[in-house]
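Down below is the structure, laid out as structure tokens.
The values are calculated or read from the model by the stated rules, or taken from the named source; none is laboratory data. As the structure is a computational prediction, the values presented were derived from the model and not from experiment. Here the Cβ positions follow ideal geometry from the backbone for every residue, glycine too, while neighbour counts run over all protein chains shown. Quick note on the areas: whole protein, heavy atoms, side chains included, nothing else; ligands and nucleic acids left out. Shrake-Rupley method; radii C 1.70, N 1.55, O 1.52, S 1.80 Å.
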Amino acid sequence: MIAALAVSASPANAATAAAVAATAATTAPATGEAPGSPGIASTHDQSRKDCVDTARNTTSKIWFTVANGVLSDVYAPTVDATNVKDLQYLVTDGSTFTDLQTRDTTYTVSSDPTGMTCTVLSTAKSKAYQLKTTYFADPARASVVARTTFIPLTKAAKSFNLYVRLDATAGGNGGGGATNAGATRQRSTPRPARASPSPSTRRRPARRTAPTRCPAISR
């Protein structure tokens, strides 16, 4: 679904590039269960969106959104089936801090004149670095392409490591076994039935007033 994720460093940094390459590349199928599986129940992302986009043709069956400055819902193969909650970056020096993009950065959003791309410039609240990401739907494949540049703003930031975190909702739910398949269900607790009052204690119904009419809404 997210077939391309290009990340560069400016200026180039070997540690950052190696960390991203090791994180983003899939070298072999994973075996066994992930630590802490199946994880928490899946929920949808926030409804306030920064961008909504798709490809310029019908070859790509992708619709996607950007919310809170990061890739949000990715819909495929139809617009009612979301498969991604969010994809965002983590930045760390490996020992003293770990920044989560949605928590530890501020951002601005822009688009190109065609309206077919969405570019997010995220700035660390520490003012140590920026992340510039352009999102677009690949017209040749059912894929979202994210091109990201890591921009260090301080000398220390040149040695920071960059990681990618994907929170998937495959098929519209988090999966992960019988305890975490589908939306969270609300369980209701049965309440004991109330006994009807005896005729001697029954009170006269309260006087009812005419309902207030709401003004007509013009469409």
Area accessible to solvent at Arg48, 1.4 Å probe radius, in Å²: 120
Using 0.36 nm per residue, how much length does the chain from Thr59 to Val79 gain when fully extended, once their Cα-Cα distance is taken away? 5.8 nm
Length gained if Met116 through Ile151 is fully extended, taking 0.36 nm per residue and subtracting the Cα-Cα distance, is 10.2 nm
5 angstrom amide H check on Thr169, placed H, neighbours 5+ away: Val84, Lys85
Contact order normalised by length for the range 45-175, with contacts defined as Cα pairs under 8 Å and 6 or more residues apart; what percent is it? 26
Taking the dipole about the Cα centre of the range 41-170, with the C-beta of Lys and Arg at +1 and of Asp and Glu at -1, give me whichever of Phe160, Thr134, Leu71 is farthest to the positive side. Phe160
So, in nm, how far is label Asp138 from label Thr98 when the simple model puts each one 7 Å beyond its Cα toward the Cβ? 2.9
